[in-house]
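To start, the structure under review is shown below, and the notes come after it.
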Amino acid sequence: MDYGVVEALAEWLDSDAPDPWIVETSGSTGRPKRVLLSRAAVRASVDISARRLGGAGRWLLALPASYVAGVNVITRSLAAGAPPVVLGERPFREAARGCDFVSLVPTQLHRLLATDADVLAGFHTVLLGGGPIDPALRARATAAGVNLVATYGSAETCGGCVYDGLPLDGVGLAIGVDGRVRISGPTLFSGYQGDPALTSEALVDGWFLTSDAGRLDEDGRLQLLGRMDDMVVSGGVNVPAAAVAARLREHPAVESAEVLGVPDEEWGNRLVAFVVGAPSLDELRAWVAERHPRSWAPRQLVTLAELPMLGNGKTDRVALRSLVAELAS
């Protein structure tokens, strides 16, 4: 299937006045949306990424081609004159031979550092997207000699358009009065297929209004605070669930974690921690309170063998909410 997408994208890039390429969003928080990407936007993404990375070359396709990150890999490799190498079922070490770049999600990076750290160190650049990177994971990659670049973006921006917190050339980055991250520039999508109302809500005066909360530091570097809908009001306190989850992942007994707010009669919203690991709820509450206000500590713990994931490496939040409902029934 991925090989078919490679061929289709090659034809699309070379055709005369093609229709927009359609990419579905991950649907990590609900119904997926069909995003329309013009060829001009895709080519702009390819060009400004190569300028920031300081080069171009063959890419290893280790992500689904149906998502925007896969489209990025394919088009960037094709632009360099070499079709990407599709990982498929082959060992990573074997598939990586002759490849200069690769794009991964944190789960993949975590696992590959344990098995193929030397291979990762051989890439010109390893892009990391699909979610926030824990400082400890980044430190491991750096110690292994991996040239890692953390990216931020979405299907609506042709994928990553902010590298290590700084926008690529020509990309506008701003924070709205509500704390929402806003993006402008040549890589923006044309709209949502069949949904002009949603398009008009997301594209306002040339800016894409993301679903993420953030702030800019004194150097203009973006610091993400989580999704706008991750700001959970619990007991009258605004709690950034993403910050709590990041703190939980630093616990030595936690392999991975996610935090969501669920409706609760007493608290308005109850903060639930979904954890792969063996700590108790009391341990985790104390751990969070060492760095953050005690009111940010989770009030429920759900221990899992693994977090449910979508095909693009993001946590399946819809599945987690369904699990809470099942446990309560």
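The values are calculated or read from the model by the stated rules, or taken from the named source; none is laboratory data. Not measured: the values here are computed from a predicted model. Here Cβ is always computed from backbone atoms with ideal geometry, including for glycine, and neighbour counts include all displayed protein chains.
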Fill in: Where Ala319 falls short, out of the listed (1) buried (at least 16 other Cβ atoms within 10 Å of the Cβ); (2) without any contact (Cβ under 8 Å) to a residue 40 or more places away in the chain; (3) under 19 Å from the mean Cα position of the chain (by Cα)
(1)
Discussion item. Suppose we keep only residues that are over 17 Å from Pro167 (Cα atoms) and without any contact (Cβ under 8 Å) to a residue 60 or more places away in the chain within the stretch 181-197. Which one would you say is surrounded by the most Cβ atoms within 10 Å (Cβ to Cβ)?
Written reply: Pro196
Fill in: All positions within the stretch 198-212 that are assigned to a strand (DSSP E or B) and either in contact with a Leu (Cβ under 9 Å, 6 or more places away or on another chain) or crowded, with 17+ Cβ neighbours inside 10 Å (or both)
Leu203, Trp207, Phe208, Leu209, Thr210, Asp212
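For (1) farther than 30 Å from Asp230 by Cα; (2) surrounded by fewer than 19 Cβ atoms within 10 Å (Cβ to Cβ), each residue gets a yes or a no:
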position	(1), (2)
Asp14	yes, yes
Ala17	yes, yes
Thr25	no, no
Lys33	no, no
Arg76	yes, no
Ala82	yes, yes
Discussion item. Return the residues of the stretch 114-130 that are among the polar types (S, T, N, Q) and either within 19 Å of Leu225 (Cβ to Cβ) or part of a strand (DSSP E or B) (or both); say none if nothing qualifies.
Written reply: Thr125
Worksheet item: When the stretch 236-248 is examined, which residues are found to be exposed (fewer than 15 other Cβ atoms within 10 Å of the Cβ) and not in a strand (DSSP E or B)?
Response: Gly236
Item to complete: Go through Pro64, Pro83, Pro18 for me and flag whichever is outside the structural domain of Arg321 (by TED's automatic domain parsing), in a loop (DSSP other than H, G, I, E, B) and under 25 Å from Arg317 (Cβ atoms).
Response: Pro64
Discussion item. With the structure loaded, tell me whether Gly220 is in the same structural domain as Val71 (by TED's automatic domain parsing), touching a residue at least 40 places away in the same chain (Cβ under 8 Å) and part of a loop (DSSP other than H, G, I, E, B) or whether it fails that test.
Written reply: yes
Worksheet item: When the residues of the stretch 249-306 are filtered to those that are in contact (Cβ under 8 Å) with a residue 60 or more places away in the chain and assigned to a loop (DSSP other than H, G, I, E, B), which remaining residue is farthest from Arg317 (Cα to Cα)?
Response: Glu250
Fill in: Given (1) in the same structural domain as Arg180 (by TED's automatic domain parsing); (2) of a type outside the set (Gly, Ala, Ser); (3) more than 22 Å from Thr151 (Cα to Cα), index of the condition Pro308 fails
(1)
Response to the item:
Here the residues within the stretch 131-173 that are without any contact (Cβ under 8 Å) to a residue 40 or more places away in the chain, of a type in the set (A, V, I, L, M, F, W, C) and assigned to a strand (DSSP E or B) are Leu148, Ala150
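The rows are residues; the columns are (1) surrounded by 22 or more Cβ atoms within 10 Å (Cβ to Cβ); (2) within 19 Å of Glu326 (Cα to Cα); (3) under 27 Å from the mean Cα position of the chain (by Cα); (4) not assigned by TED's automatic domain parsing to the domain that holds Arg321.
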{"residue": "Val262", "(1), (2), (3), (4)": "no, yes, yes, no"}
{"residue": "Arg270", "(1), (2), (3), (4)": "no, yes, yes, no"}
{"residue": "Ala278", "(1), (2), (3), (4)": "no, no, yes, no"}
{"residue": "Glu283", "(1), (2), (3), (4)": "no, no, no, no"}
Response to the item:
Filtering the stretch 143-179 down to residues that are touching a strand residue (DSSP E or B) at 6+ places or on another chain (Cβ under 7 Å) and of a type in the set (Val, Ile, Thr) yields Val146, Val149, Thr151, Thr157, Val162, Val171, Ile175
Discussion item. Any residue that is without any contact (Cβ under 8 Å) to a residue 12 or more places away in the chain and surrounded by fewer than 20 Cβ atoms within 10 Å (Cβ to Cβ) - is there at least one of those in the stretch 100-114?
Written reply: yes
